[in-house]
Amino acid sequence: MSGFILVSRDLLDNDLWRMNSDLVRLFLYLLLKASYGKQEFTYSRGATTITVRKGEFLRSLRRMGEDCAYVGNNRLVTWSTSRVAAMLKTLEDDGRIKILSNSTLGTLVKVVN
């Protein structure tokens with residue numbers, strides 16, 4: 001995947017920057033992974049069907065935690081599903097994302113701000 005995103009320098013003056021570096025990491029991850037084209041993608045498993053539109057991202061909480069893993073204090077840090085869910089809730093309460101659905105296919109997140 002190639003391309004770029006624009007990030008406002010106002011992020012440095014925002015509460016998100018001061019809260020927790022993991023929140024910033026997760027928010028940037030969502031920005032980078034969100035669908036950016038006009039094309040919609042439809043995923044199905046059994047009776048569950050989800051359509052991913054522009055600005056949305058579908059992934060399981062476990063995979064988000066694995067994707068955002070990093071090395072800290074000489075050990076690999078991965079987030080648990082409950083930690084990812086809590087951080088997503090914080091970003092949703094802050095008005096940055098909206099959680100559209102949770103299903104067997106994953107969590108559908110829309111980047112709002």
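Data table
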read-out: All positions within the stretch 8-64 that are outside any strand (DSSP E or B), of a type outside the set (S, T, N, Q) and surrounded by fewer than 12 Cβ atoms within 10 Å (Cβ to Cβ); value: ARG9, ASP10, LEU12, ASP13, ASP15, ARG18, GLY37, LYS38, GLU40, GLY46, ALA47
read-out: Residue count, the stretch 65-88 (criterion: of a type outside the set (Phe, Trp, Tyr), open to solvent by 50 Å² or more (accessible area, probe 1.4 Å) and more than 28 Å from GLY37 (Cβ to Cβ)); value: 11
read-out: Residues located in the stretch 89-104, provided they are open to solvent by 40 Å² or more (accessible area, probe 1.4 Å), in a helix (DSSP H, G or I) and touching a Leu at 6+ places or on another chain (Cβ under 9 Å); value: THR90
read-out: Residue list for the stretch 32-59, filter: in contact with a strand residue (DSSP E or B) (Cβ under 9 Å, 6 or more places away or on another chain) and basic (Lys, Arg); value: LYS33, ARG45, ARG53, ARG59
read-out: Number of positions in the stretch 46-70 that are of a type in the set (A, V, I, L, M), farther than 22 Å from ILE5 by Cβ and under 13 Å from the mean Cα position of the chain (by Cα); value: 1
read-out: Complete set of residues in the stretch 21-32 that are over 15 Å from ALA85 (Cα atoms) and free of Cβ contacts under 8 Å to residues at least 40 places away in the same chain; value: SER21, LEU28, LEU32
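The values are calculated or read from the model by the stated rules, or taken from the named source; none is laboratory data. Quantities reported herein were computed from a predicted structural model and do not represent experimental measurements. Note that we place each Cβ from the backbone using ideal geometry, even for glycine, and neighbour counts take in every protein chain shown. Areas reflect the complete protein model, heavy atoms only, side chains present, ligands, DNA and RNA absent. Shrake-Rupley method; radii C 1.70, N 1.55, O 1.52, S 1.80 Å.
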